[in-house]
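Undergrad: The structure that follows is given in the form of structure tokens.
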Amino acid sequence: MTVPSTVRAVWKSAELMIAFHKNKKKERRDTSYLWRPKDAIARLLAKPEDQEAFIVLKAEDDAADVQIKLHQDKMVIRRDHVLGWSGVVIDEHSVKVLVDGDLIRIDHDGSVKIERDAETTYLEGDGSIIRTSPDAEITVSSDGQTMSRRTGEQIDAFTPDGFVSRKRRIGPE
């Protein structure tokens, strides 16, 4: 069987390992002891700070290897990569992705939160958008009929009834 030329291998092997971060006396090790479990089965009983089960996906060519850490309450996927994603955390309620320093969180209800420097953007489950920054807060309704911008000095809004713009009162009158 031949593989179509558009398909390219990304991973060449997967290895299940357990990292013991503490010794038998429960003292922290300088370097974790790595062990390959028999039958490729690893229990997820200990605290992650004591012991972690993880899979190392070796990359083909010059791509970055990926480490998948398996905890009782979440999975953590990491890679050392300059561009693109470098971390993913998957738990019961959300998926978080670190992309070029930006944190993207997708919650169980479909809402999305993006944190970039001092700015945060929310895409709510109903489709409405809220963006906050040190300079302004902007909201857009899910149907696009209402939009508003609030700064320290002014409030502007588009509504189905028209446009409103007002200077904000700052300090005592």
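Undergrad: Mind telling me which of the residues 89, 82 ends up being surrounded by 14 or more Cβ atoms within 10 Å (Cβ to Cβ), of a type outside the set (Phe, Trp, Tyr) and under 22 Å from the mean Cα position of the chain (by Cα)?
TA: Among 89, 82, only 89 is surrounded by 14 or more Cβ atoms within 10 Å (Cβ to Cβ), of a type outside the set (Phe, Trp, Tyr) and under 22 Å from the mean Cα position of the chain (by Cα).
Undergrad: Checking residue 142 against (1) open to solvent by 40 Å² or more (accessible area, probe 1.4 Å); (2) small (Gly, Ala, Ser); (3) in contact with a strand residue (DSSP E or B) (Cβ under 7 Å, 6 or more places away or on another chain): exactly one of these is not met. Which one?
TA: Result: residue 142 fails condition (3) only.
Listed here are the residues, each with its yes/no results for (1) of a type outside the set (D, E, K, R); (2) open to solvent by 80 Å² or more (accessible area, probe 1.4 Å); (3) under 30 Å from residue 129 (Cα atoms).
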residue: 17; (1), (2), (3): yes, no, no
residue: 30; (1), (2), (3): no, yes, no
residue: 70; (1), (2), (3): yes, no, no
residue: 99; (1), (2), (3): yes, no, yes
residue: 108; (1), (2), (3): yes, yes, yes
residue: 114; (1), (2), (3): yes, no, yes
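Undergrad: Let me ask something else. Any chance region 146-167 includes a residue that's at pLDDT below 95, part of a loop (DSSP other than H, G, I, E, B) and touching an Asp or Glu at 6+ places or on another chain (Cβ under 7 Å)?
TA: No, that holds for no residue.
Undergrad: Continuing with this model, one more query. Can you list residue pairs whose Cβ atoms sit under 8 Å apart, with the first residue in region 25-46 being in contact (Cβ under 8 Å) with a residue 40 or more places away in the chain and the second being not aliphatic (A, V, I, L, M)? Count only pairs 6 or more apart in sequence or on different chains.
TA: none
Undergrad: Still on this model: Determine whether residue 88 is β-branched (Val, Ile, Thr) and touching a residue at least 24 places away in the same chain (Cβ under 8 Å).
TA: No, not satisfied.
The values are calculated or read from the model by the stated rules, or taken from the named source; none is laboratory data. It should be emphasised that the depicted structure is a prediction, and the values quoted were computed from it without experimental measurement. No Cβ is skipped: glycine too gets one built from the backbone with ideal geometry, and neighbour counts run over all protein chains shown. Just so you know, the surface numbers come from the protein's heavy atoms only, side chains and all, with ligands and any DNA or RNA stripped out. Shrake-Rupley method; radii C 1.70, N 1.55, O 1.52, S 1.80 Å.
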